[in-house]
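Undergrad: Below is a structure I'd like to ask you about.
Bear in mind that the values in this text are calculations on the coordinates, not laboratory data. No experiment lies behind these values; they were computed from the predicted model shown. Glycine gets a Cβ as well: all are built from the backbone with ideal geometry, and neighbour counts include every protein chain shown.
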Amino acid sequence: MKKKTKKVDRFFVLLGQRLLDFFQSAGEMLLLLVEAILWCKVVFRNLDKVLPQMGKIGADSLPIASLTAIFVGFVLALQTGVALQQFGQEEDLGAIVSIGMARELGPVLTAILVIGRIGAAITAEIATMSVSEEIDALRTLSINPVRYLVMPRFLACITMLPILVIYVDFIGTLGGAAVAKAYFKVPFLAYFDNVADYLTFEDMAKGLVKSVVFGVIISIVSCHKGLTTTGGPGEVGLATTNSVVISFVSVYVFNYFVTRLWLE
């Protein structure tokens with residue numbers, strides 16, 4: 001009986017500690033976000049740091065974004081077309097693919113792509129600087145790490161992610177058009193007329209708002225995990241893994257709540 005009581009006590013102690021760690025990390029990330037926003041006032045004096053980050057997130061991501069988007073468009077059109085074909089509604093493929101890409105698949109898939117490609121790299125880079133005491137050296141030189149490291153990555157994420165989402169939406173819709181023409185004999189003109197009839201600015205706006213939210217999540221989580229890394233080089237890999245996992249979960253959670261907000 002005593003052993004069982006000790007196990008229960010240990011469980012609640014561990015649960016309490018995890019909850020405290022969670023709220024502490026959430027608070028630190030919120031403060032980091034506020035500080036990053038405040039440092040945006042010096043963006044024009046730091047364009048030499050912001051523009052390279054924008055290039056990494058934007059232009060350098062185009063090849064993998066194109067490949068991802070076009071095959072997602074293929075699959076979405078193929079799966080949807082089979083169902084619509086049973087009711088003779090293949091001409092509605094354009095609306096379904098374009099709206100699906102704009103509202104959900106475009107923002108979420110782009111965020112996942114950026115987390116794996118950019119978020120992990122940001123965490124690894126800053127974590128390496130932390131464990132090698134380069135962050136302390138910056139503070140010694142009176143250089144604020146948030147202004148020097150976080151703000152450029154934060155701005156790059158929230159500006160380039162919406163642009164990437166628009167590109168992914170466009171390529172995915174083109175992929176859907178190719179499948180609609182090849183498998184379901186839907187003419188390109190009919191497909192894109194259907195897109196024009198049903199895809200609205202509101203649909204695009206919803207996806208772009210999500211992309212900005214995801215950009216904030218990716219940049220802040222990645223930078224926070226990098227800045228708080230301590231120990232040796234082995235901790236860099238652990239911090240990178242934690243950053244990717246937390247970013248993934250946060251994107252899924254916030255995607256639900258932003259979507260739910262639109263429905264109210």
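Undergrad: So what's the net charge close to D193: Lys and Arg +1, Asp and Glu -1, counting the other residues with Cβ under 12 Å from its Cβ? If you can, show how the numbers build up before the last one.
TA: On the way: positive: none; negative: E91, D92, D197.
Its environment carries a net charge of -3.
Undergrad: What net charge is computed for the residues neighbouring V131, neighbours being all others with C-beta under 13 Å from the C-beta of V131, Lys and Arg scored +1, Asp and Glu -1? Write down the numbers at each step before the final one.
TA: Details: positive: K225; negative: E125, E133, E134, D136, E235.
Here the charged neighbours net out to -4.
Undergrad: Which order do the peptides 23-34, 205-216 come out in when sorted by mean C-beta neighbours inside 10 angstrom, highest first?
TA: On the way: 23-34: 13.7, 205-216: 21.2.
Packing proxy ranking, top to bottom: 205-216, 23-34.
Undergrad: Something else: Mind sorting W39, W262 by how few other Cβ atoms lie within 10 Å of their own Cβ, fewest first?
TA: Working: W39 19, W262 12.
Listing W39, W262 from fewest to most nearby Cβ atoms yields W262, W39.
Undergrad: Once you charge only the Cβ atoms, +1 for Lys and Arg and -1 for Asp and Glu, what is the size of the charge dipole of segment 68-263 about its Cα centre, to the nearest 20 debye?
TA: Dipole of segment 68-263, to the nearest 20 debye: 260 debye.
Undergrad: A further question follows. For the chain, what does -39500 (n - 2.57) per DSSP helix run (n ≥ 4), summed and divided by total residues, give at 222 nm, in deg cm²/dmol to the nearest 500? Write out the running numbers ahead of the final one.
TA: On the way: 11 runs with 211 residues, N = 264.
Counting only the DSSP helices, I get -27500 deg cm²/dmol.
Undergrad: A further question follows. Restricting things to alpha carbons, tell me how big segment 138-264 is in terms of Rg and Dmax, in Å.
TA: So, for segment 138-264, Rg and Dmax equal 20.1, 67 Å respectively.
Undergrad: Sum up the lysine pairs in the chain that clear both bars: alpha-carbon distance under 29 Å and a spacing of 8 or more or different chains.
TA: So the count of such lysine pairs works out to 13.
Undergrad: Follow-up question, since we're still on this one. Any chance you could give the angle, 0 to 90 degrees and rounded to 10, that helix 234-263 forms with the longest Cα principal axis of the chain?
TA: For helix 234-263, the angle is close to 50 degrees.
Undergrad: A follow-up question, please. How far is helix 201-227 tilted, in degrees, relative to the longest principal axis of the Cα atoms in the chain, given as a value from 0 to 90 rounded to the nearest 10?
TA: 20 degrees
Undergrad: As I understand it, the value is the acute angle between the Cα axis of helix 120-131 and the longest principal axis of the Cα atoms of the chain; what does it come to in degrees, rounded to 10?
TA: 10 degrees
Undergrad: Hey, another quick one. Would you mind estimating how fast the chain diffuses translationally, via Stokes-Einstein at 25 °C and 0.890 mPa s with the Kirkwood radius over Cα pairs, in µm²/s?
TA: Details: Rh = 20.4 Å.
The Stokes-Einstein estimate is 120 µm²/s.
Undergrad: Let me check I've understood the local charge: for S211, count other residues with C-beta under 12 angstrom from its C-beta, Lys and Arg +1, Asp and Glu -1. What total comes out?
TA: Numbers: positive: R103, K206, K210; negative: E104, D169.
Neighbour charge sum, excluding S211 itself: +1.
Undergrad: Multiplying the sequence separation of L47 and E28 by 0.36 nm and subtracting their Cα-Cα distance, what value in nm do you get?
TA: Values: separation 19, 0.36 × 19 = 6.84 nm, distance 2.62 nm.
Computed gain between L47 and E28 is 4.2 nm.
Undergrad: Non-local amide H neighbours of V186 (under 5 Å, H modeled in plane, Pro and chain starts lacking H): which ones?
TA: Hits under the 5 Å cutoff: K181.
Undergrad: Using each residue's phi in segment 134-143, evaluate 6.51 cos²θ - 1.76 cosθ + 1.60 at θ = phi - 60° and report the 3J(HN,Hα) Karplus result to the nearest Hz, with x for Gly and Pro.
TA: So the J values, rounded to whole Hz, are 6, 5, 5, 5, 4, 5, 4, 8, 6, 9.
Undergrad: May I pose another question? Considering the Cα positions of segment 33-129, please state its Rg to one decimal place and its Dmax as a whole number of Å.
TA: Using the Cα atoms of segment 33-129, the pair Rg, Dmax is 19.1, 60 Å.
Undergrad: Additional query: Connecting C-alpha atoms closer than 10 Å in a GNM of the chain, tell me which of L20, L155, L109 has the biggest fluctuation.
TA: Highest fluctuation of the listed residues: L20.
Undergrad: Continuing with this model, one more query. Among V195, V150, rank each residue by its count of other Cβ atoms within 10 Å, from fewest to most, as a rough exposure measure.
TA: Numbers: V195 20, V150 25.
Taking fewest neighbouring Cβ atoms as first place, the list is V195, V150.
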